[in-house]
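Working notes, beginning with the structure itself.
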Amino acid sequence: MRNRKITRRQAITTASIGTLGTLTRFPLTSFSLNNSNKLAIHGGEKVRNSAWHEWPVWETSAENDVVNMLRSGRWWRGRGEYIAEFEQKYAALMGAKRCLATASGTTALLVASHVLGVDAGDEVLVSPFTFIATYNSIFINKALPVFVDTDPETFLINPSKIEAKITDRTTAIVPVHIYGLPVDMDSVNSLAKQHNLKVIEDACQAWLGEYKGKKLGTLGDLGCYSFQNSKNLPTGEGGAIVGNNDEIMDQCYSFHNCGRPYGSVAATSNYPNRGSNRRMQQIQAITLLSQMSRIEKDADVRLVNAQYLDKKLGKIPGIVPTKLVEGDNRSAYHMYPFRFVSEQFGDVSRDKFITALRAEGVPCSTGYGKQNYDGLIEEALNSRGYKRLFSEKRLKQWREENVLPGNDQLAKEAVTFYQSILLGSKSDMDDIVNAVTKIYENRNSLI
Ligand SMILES: Cc1ncc(COP(=O)(O)O)c(C=O)c1O
């Protein structure tokens with residue numbers, strides 16, 4: 001395993017150097033656009049006319065297993081040999097002792113938080129720049145999400161702002177490896193240790209991402225993943241928890257299986273623990289097993305292409321690729337993110353830039369918005385339960401401290417490409433670079 005990993009990493013490095021060796025300095029006038037240089041948004045010819053890499057990609061090799069499983073009647077976890085096989089293989093791939101498959105990434109977060117003791121009236125430190133499920137998993141446990149501002153350069157929780165947000169109610173930190181970008185886990189873990197907090201990694205977008213040579217999701221107390229349809233390892237809906245502590249993983253199993261006894265969770269009664277049904281189905285596991293045949297190769301292609309885009313796009317004024325935190329890290333690139341700084345791009349607004357880029361045939365989106373002001377926050381804080389659990393003084397202070405300038409900046413500047421775009425060829429990446437360059441060169445026509 002270790003030898004294979006070194007080989008892969010060496011291969012990536014070689015490929016990266018090879019592809020990046022031919023870079024030119026900005027302005028990139030070396031490409032020629034066949035017809036007019038008029039922007040497609042203004043009726044000019046698109047830079048890109050062809051389709052991008054499709055996603056997800058069904059593996060026909062899974063079809064026999066699907067039919068056999070359906071005919072066998074073993075559709076659920078009870079005697080679910082495919083689920084057990086997936087758990088064993090996914091744990092090995094992540095370098096974790098154990099894996100528990102769950103119905104989704106959200107359920108993985110719910111199980112992990114419950115088992116690690118996040119309880120009603122607790123506070124949980126969390127990154128605001130994430131999919132809303134991260135917030136919901138805290139609210140559903142009747143705890144208070146306390147947002148730690150984002151570092152706009154890394155798109156991640158700013159570790160220097162964590163300590164100020166810890167109170168005597170804080171029980172856990174949920175660092176989110178958003179888009180697959182590795183959080184500075186040394187800082188998070190050391191603060192957690194100092195203040196006796198649990199660390200639940202939201203690695204729902206971070207399969208095979210690495211921090212200092214370890215897979216994301218294996219650095220905290222528990223790590224949670226999503227296998228929803230859009231994900232780099234997809235199965236429609238699905239999730240997993242990984243961990244190295246047998247007792248904690250037994251508790252996770254028990255909780256996700258209605259609180260029944262499991263392993264070290266003794267059979268003192270039929271249902272010794274509270275629990276829920278968060279189980280995966282067999283068909284999800286069969287799909288995952290087949291999708292795992294491509295995940296490492298795909299991750300390498302995304303990495304090489306992302307590094308190529310970093311170098312090329314980073315030369316265009318106003319386009320700022322993400323900064324990886326210190327360490328020998330790699331991102332999983334669920335999205336390829338960058339910041340669009342309007343003032344450096346002739347004051348073109350981000351929305352105009354995105355519309356113009358889409359018109360050139362390059363699909364792109366914004367990042368997450370200012371969700372720390374989203375409706376669910378006040379809906380929760382004004383609920384009967386939260387008013388019982390938290391004093392008026394604490395909720396007032398929470399609202400006053402819900403000021404996150406780094407996150408606001410990112411909500412304004414982030415632009416993303418979906419992961420499957422990164423599965424294309426070098427010439428596909430050049431289409432992206434050419435489209436952005438064309439828009440930059442014609443920026444005055446967008447004002
Ligand atoms: C960062 C993050 N956390 C949690 C989730 C929840 O996962 P799921 O949709 O599988 O429930 C997602 C899914 O998109 C996610 O991206």
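None of the figures in this text is laboratory data; all of them are computed from the coordinates on show. Everything numeric in this text was worked out from a predicted model, so none of it was measured. Quick reminder, even Gly has a Cβ in these numbers, built from the backbone with ideal geometry, and neighbours come from all protein chains shown.
Among the GluC sites (Glu not before Pro) within the range 103-186, not one is in coil by DSSP while having at most 13 neighbouring Cβ atoms inside 10 Å.
Ratio to report: Rg/Rh of the chain, with Cα atoms as the point set and Rh obtained by the Kirkwood method; give two decimals. Reported Rg/Rh (Cα atoms, Kirkwood Rh): 0.99. Per-residue extension of 0.36 nm, minus the Cα-Cα distance of ALA84 and THR366, leaves a gain of 97.7 nm for this segment. Sites listed here are chymotrypsin sites (Phe, Trp or Tyr not before Pro) in the range 73-169 whose DSSP assignment is loop and whose Cβ has at most 14 other Cβ atoms within 10 Å: TRP75, TRP76. log₁₀ I(q)/I(0) of the range 275-416 at q = 0.09, 0.13 Å⁻¹, via Debye over equal Cα point scatterers, no solvent, to two decimals? Here the Debye-derived log intensity ratios amount to -0.50, -0.89. Pairs from the table (LYS89/LYS215; LYS212/LYS323; LYS311/LYS426; LYS161/LYS215) lying more than 20 angstrom apart at Cα are LYS161/LYS215. The simple spin-label model puts a point 7 Å past each Cα toward its Cβ; for ASN37 and SER61 those points are separated by 4.8 nm. Measuring between their Cα centroids, the range 338-386 and the range 128-194 lie 20 Å from each other. Note on ALA267 and LYS396: the model spin-label points, each 7 Å out from Cα along the C-beta direction, lie 5.6 nm apart. Quote the relative contact order of the chain in percent (integer), defining contacts as alpha-carbon pairs under 8 Å separated by 6+ residues. Reported as a whole number, the value is 20 percent.
Count Lys and Arg as plus one, Asp and Glu as minus one, and take only other residues whose Cβ is under 10 Å from that of GLU360; the net charge is then +2.
Taking only the C-alpha atoms of the range 60-289, Rg followed by Dmax gives 17.4, 57 Å. For the residues THR416, THR60, THR355, a GNM of the chain with alpha-carbon springs under 10 Å puts the largest fluctuation on THR60.
For the range 41-85 and the range 209-274, what is the separation of their Cα centres, given in Å? One Cα centre to the other: 23 Å. Approximating the spin labels as points 7 Å out from Cα along Cα→Cβ, the LYS387-to-SER50 distance works out to 6.2 nm.
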